[in-house]
1. Please list, ordered by chain and number, the residues whose modelled amide H lies under 5 Å from the amide H of Gln26; skip anything fewer than 5 residues away on the same chain.
2. Which whole-Hz ³J(HN,Hα) couplings does the stretch 23-35 yield from phi under the Karplus relation 6.51 cos²θ - 1.76 cosθ + 1.60, θ = phi - 60°, glycine and proline marked x?
3. Compute, for the chain, the length of the dipole vector about the Cα centre, with Cβ point charges of +1 (Lys, Arg) and -1 (Asp, Glu) only. Units Debye, rounded to 20.
4. Which whole-angstrom value gives the distance between the alpha carbon centres of the stretch 73-100 and the stretch 22-63?
5. Taking 8 Å as the Cα distance limit and 6 or more residues as the minimum spacing, I'd like the relative contact order of the chain as a percentage.
6. ³J(HN,Hα) across the stretch 89-102 via Karplus (A = 6.51, B = -1.76, C = 1.60, θ = phi - 60°), whole Hz, x for Gly/Pro?
7. Among 83-93, 5-15, how do they line up from the highest to the lowest mean number of other beta-carbon atoms within 10 Å?
8. Do the sum for the chain: with -39,500 (n - 2.57) for every DSSP H run of n ≥ 4, divided by all residues, what is the mean residue ellipticity at 222 nm, to the nearest 500 deg cm²/dmol?
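Since every read-out is calculated from the coordinates, none of them should be taken as a lab result. Small disclaimer: the values here were computed from a predicted structure and weren't measured. Using ideal geometry, Cβ is built from the backbone for each residue, glycine included, and neighbour counts are taken over all protein chains shown.
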Amino acid sequence: MNRVQAVEGEYARVSQGGNIQNIIFQPGQFDCVRETINGQYNPQNIYNMNPTDVHYEIADWALSGNKLNEIGECLWYLNPFRPNCGSTFPTNGSGTFHTRIGEHCFYRPSSTYANT
């Protein structure tokens, strides 16, 4: 939802005023919406998922404007599959490390993000 509500930079342009579908289906952003990755079938795509009530409750919670305080205004997250998070992400340096929750590193926009 932070990407949907971004007021500057790449995500503000992609969301075109708050279109969540544009953000979710932006090429290269979320592997779960891709049926293939690197030419291989992706069995963990959303078309193979069977959401339960808790998944719908979480989505409704987020769509209602709620967010985790620990994440703040972060626009990116990743599982680095290593013990430490890098200081910047994505590779263009437009995000700086903010926090780690479990296996995921979260990054907030840096001053260069507005020019993306």
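1. For Gln26, whose amide H was placed from the backbone, there are no distant partners under 5 Å.
2. Residue by residue, the stretch 23-35 yields 5, 4, 9, 4, x, x, 9, 10, 4, 5, 9, 9, 6 Hz.
3. 320 debye
4. A separation of 20 Å, based on Cα centres.
5. Relative contact order of the chain: 21 percent.
6. Karplus-based 3J(HN,Hα) across the stretch 89-102 equals 6, x, 4, 7, x, 7, x, 10, 4, 10, 7, 10, 10, x Hz.
7. Descending mean neighbour count gives 5-15, 83-93.
8. Helix-only estimate at 222 nm: -5000 deg cm²/dmol.
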